[in-house]
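Worksheet: the structure to be examined is printed underneath.
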Amino acid sequence: MKYKDTKIIKIDDGNVECYKLNVPADILKSGGLVAFPTETVYGLGANALNEEYVSNIYKAKGRPSDNPLIVHIAEISQLDNLVSETPQNAKKLMDAFWPGPLTLIFNKSNNVPNNVTGGLNTVAVRMPRHKIALDLIKKANVPVAAPSANTSGKPSPTDANHVIEDLMGRVDVIIDGGQTGVGVESTVLDITCDPPTILRPGGVTKENLLEVLENVNFDPALKDAELAPKSPGMKYTHYSPKASVKIVCGDLKNIPNRIMKEYNKLTNENFNVGILCTEETKNYYEIDNNKKLVIGDRSKPETIASNLFKCLRKFDTIGVDIILTECIEEKGIGRAVMNRLIKAAGGNIIIV
Ligand code: TXA
Ligand code: MG
């Protein structure tokens, strides 16, 4: 792949200096690739209305061509051009959750190039909440197709440094807006079916959705590896740090003991082992402090979501071979966390 001279533009997300977005907006509009922060993770954007520009996203990430992209918009008026119809409940969902971490699946219009949707008849659209993302899309004045700005398969980037690690020399601009907030990607909700179906759990929880909708399903493939997921991206191995990941699930009072047993066994076999734990449990692990990372506070699951990908990447920097991690309660945003951890672990789970 031809190397590009990637420009890094630093913008303070608390006080967005809009003029700094002029250059990236022009580049985006005229065919370049721009990585930018959203409230979930960093995205790698291209003009969604141009098939050739969009094809560069797949090349830069090494992404399989059948894994469709999310189109990001900054104003509701941009939606009409992208979709063939807006179902009844879409309006309620947009009113309640946009801008924010909810991606909606619509039947697509003919204006959306085939490589944006991986050949599907549907298109994924979301309006992000991050000011830099919104200002950039407004200035470019085009809808922006953007997957997470990581090399395909690696943990999603929650900091510009993660994007630099993965995509330096492969994209035109990286906008450094500091750390993202939510930390896991948007919820992908299919509203072309009844009841609406969660294809990927994310920043907007099922509990949040039920405040607006009467009923919501999870795609059964989320829990059954034998079924084909409705969201093509969910079938790929994902979020994988270089280290292998093993999750210990079950009653919390038994987990640390079991993790220590595993830690001692693997360390004796000369593996370099890291432990991913929580504020509540960190003192159980009497090991070198460099080998244990605290992911967050179980009583504030949003802290766990926010730190998840950063911790997985940090273990790679530390250079561990195996990460042993506690499971997280599967409710609220904890569902998104466990979905990503199980994928990172490739199903490698110990039940206690
Ligand atoms: O928070 C996010 O959603 C981030 C930021 C950058 O917005 N984006 C993101 O994009 O996570 P990506 O490409 O990493 O994940 C998009 C997911 C994939 O699982 C893909 O298969 C699914 O959305 N998707 C996209 N279009 C779809 C469609 N038409 N039908 C079903 N699933 C779709
Ligand atoms: Mg991704």
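The values are calculated or read from the model by the stated rules, or taken from the named source; none is laboratory data. Just so it is clear, the structure is predicted and the values come from calculations on it, not from any experiment. Note: ideal-geometry Cβ built from the backbone for every residue, glycine included; neighbour counts use all protein chains shown. Just so you know, the surface numbers come from the protein's heavy atoms only, side chains and all, with ligands and any DNA or RNA stripped out. Shrake-Rupley method; radii C 1.70, N 1.55, O 1.52, S 1.80 Å.
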Expected max-MSF residue from PRO99, PRO301, PRO195 in the GNM of the chain (alpha carbon, under 10 Å) is PRO195
For the chain the mean separation of alpha carbon contacts under 8 Å (6+ apart) over residue count, i.e. relative contact order in percent, is 19 percent
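Apply the a/c threshold of 1.5 to the C-alpha gyration tensor of the stretch 11-127 and tell me whether it is rounded, prolate or oblate.
Here the stretch 11-127 falls in the oblate category.
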With all protein chains present, the stretch 180-220 has a carbon and sulfur share of its accessible area (1.4 Å probe) in percent of 43 percent
Nearest-0.05 FRET efficiency for MET168 and ASN111 at R0 = 35 Å, using Cβ-Cβ distance, is 0.60
In whole percent, the fraction of accessible protein surface over the stretch 73-112 that belongs to carbon or sulfur atoms, probe radius 1.4 Å, stands at 43 percent
Quick calc, the chain, dipole around Cα centre from Cβ unit charges on Lys, Arg (+) and Asp, Glu (-), nearest 20 debye, gives 600 debye
Plugging the Cβ-Cβ distance of GLU17 and ASN141 into 1/(1 + (r/R0)^6) at R0 = 25 Å yields, to the nearest 0.05, a FRET efficiency of 0.80
Counting only Cβ distances under 4.7 Å between cysteines, those in the chain with no partner are CYS18, CYS193, CYS277, CYS311
A student applying the Cα gyration tensor rule (rounded when a/c is under 1.5; otherwise prolate if a/b is larger than b/c, oblate if not) would label the stretch 83-143 oblate
Per residue, accessible area of the stretch 25-117 with a 1.4 Å probe, heavy atoms of protein chains only, in Å², comes to 37 Å²
Of all DSSP beta bridges having both residues in the chain, the percent classed as antiparallel (nearest 5) is 35 percent
Residue separation between LYS235 and GLU330 times 0.36 nm, minus their alpha-carbon distance, gives in nm 32.2 nm
Under the helix-only model (-39500 (n - 2.57) for each DSSP H run of 4 or more, divided by the residues of the chain), the mean residue ellipticity at 222 nm, to 500 deg cm²/dmol, is -8000 deg cm²/dmol
Highest GNM mean-square fluctuation among THR187, THR151, THR281, for the chain with Cα springs under 10 Å, belongs to THR281
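Work out how much length ASN348 to LEU252 would gain on full extension: take 0.36 nm times their residue separation and subtract the Cα-Cα distance, in nm to one decimal.
Extra length from ASN348 to LEU252 when fully extended: 32.8 nm.
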With every protein chain kept in place and a 1.4 Å probe, the stretch 251-322 has an accessible area per residue in Å² of 52 Å²
